[in-house]
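The values are calculated or read from the model by the stated rules, or taken from the named source; none is laboratory data. Quick caveat: nothing in here was measured; it's all calculated off a predicted structure. Backbone-built Cβ (ideal geometry, glycine too); neighbour counts: all protein chains shown. Accessible surface areas use protein heavy atoms only, side chains included; no ligands, DNA or RNA. Shrake-Rupley method; radii C 1.70, N 1.55, O 1.52, S 1.80 Å.
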Amino acid sequence: MLEKRIPPLLLVLIVGAAMWCISTATLPVPLEDTFRRVAAGVLFVVGTLFPVAGVVAFRRAKTTVDPRTPEASSALVSSGIYRYSRNPMYVGFAFWLLAWAVFLGSGWGLLGVVFFVLYMNHFQIAPEERALRALFGDEFRAYEQRVRRWL
């Protein structure tokens, strides 16, 4: 029922809001403010590079970027950032949530990152991969063998 139902960016916002709620109800991790902010900024910037590179690769291949309709893919993208991760956009979103947890200074907030990864594996990535296997067959199976799901 939840497969491909919640757009990944919306899930990031929902999980981020839950992480903020958790951070207000728990004790913060004692980190110096400057370090916390710089670390969060670096993680956010690194996280932004992944989805941008993913979208650029999809646009170059002239295929859909919409994760809710993988069956509409017109090309299997395995170049650029997709040589290192089958899901660079989701890797970037996980980095954003990690940056948010660091910014909030919330150790318990890290559970949001774990939840995001587990949810995405089950309800988003697995159905996407089924659709891509059906579309691209052995070409996608070979790609799965070469490239890791996350990093």
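Over the chain, with every protein chain in place, what whole percent of the accessible area is carbon and sulfur at 1.4 Å, could you tell me? The computed percentage sits at 68.
Here the dipole of segment 46-95 is about 140 debye; that uses its Cα centre as origin and unit charges on the Cβ of Lys and Arg (positive) and Asp and Glu (negative).
What separates the Cα centres of segment 127-151 and segment 47-97 is a distance of 13 Å. When shorter helices are ignored and each DSSP H run of at least 4 residues is given -39500 (n - 2.57), the per-residue value for the chain at 222 nm works out to -20500 deg cm²/dmol. The distance between label points at residue 133 and residue 45 comes to 4.0 nm (points 7 Å beyond Cα on the Cα→Cβ vector).
Each of residue 150 and residue 66 was given a label point 7 Å from its Cα along the Cα-to-Cβ line. The distance between the two points is 2.9 nm. Modelled label positions at residue 56 and residue 121, each set 7 Å beyond Cα in the direction of Cβ, lie 3.0 nm from each other. Take the convex hull of the alpha carbons in segment 1-129; its mean projected area over all directions comes to 8.0 nm². Membrane-span-like helices in the chain, defined here as complete DSSP H runs extending at least 18 Å along the helix axis by their C-alpha atoms with mean Kyte-Doolittle hydropathy no lower than 1.6, are 8-25, 88-104; this is a sequence and geometry rule, not a statement about a membrane. Note on segment 20-151: with charges restricted to the Cβ of Lys and Arg (+1) and Asp and Glu (-1), its dipole about the Cα centre is near 300 debye. Accessible surface for segment 1-133, divided over its residues, is 54 Å² per residue with a 1.4 Å probe.
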